[in-house]
Amino acid sequence: MGKKQKLPLVYQPVGFAFGWAGGALAGMAFRKIWKVVRHEDDAPDALDRDRGWGEVLLAAAIQGAIFAAVRSAADRTGAKAIERSTGVWPAKDKSGRD
């Protein structure tokens, strides 16, 4: 078994750790940004009857953008760490994750 076949197994725990930490960081960042944007501690939930469409969609857009950016940064950091330590890029092809 060559390096390329073993690498996804090596990368999985690294990717999981970076993903978990990134998710926690993104959640904290969203709460802080929402507090600055709307001066409220709690962002609206899609099923919150007292919140309007605009407010719910704004919160979802901000949260989605933050999580996507943090996820990409975490994935990239993990991939670069694996590449530095093994000399092999962890992705099987260049088509991307999704």
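Here are the numbers for this structure:
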read-out: The chain: most fluctuating residue of Leu25, Leu47, Leu58 per GNM, C-alpha cutoff 10 Å; value: Leu47
read-out: Relative contact order of region 1-91, pairs being alpha-carbon contacts under 8 Å that are 6 or more residues apart, as %; value: 42 percent
read-out: Helix 53-86 vs. the chain, principal-axis angle (Cα, 0 to 90°, nearest 10); value: 20 degrees
read-out: Pairs of lysines in the chain (C-alpha under 30 Å apart; 8 or more residues apart or interchain); value: 12
read-out: Total formal charge among the other residues, if their Cβ is under 15 angstrom from that of Val56, Lys/Arg +1 and Asp/Glu -1; value: -3
read-out: Nearest-ten-degree value, helix 3-38 long axis tilted from longest Cα axis of the chain; value: 20 degrees
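All of the numbers you see were taken from the coordinates with simple rules; none came from a lab. Only a predicted model underlies this, so the values are computations on that prediction, with no experimental measurement involved. Cβ: placed from backbone, ideal geometry, glycine included. Neighbour counts: every protein chain shown.
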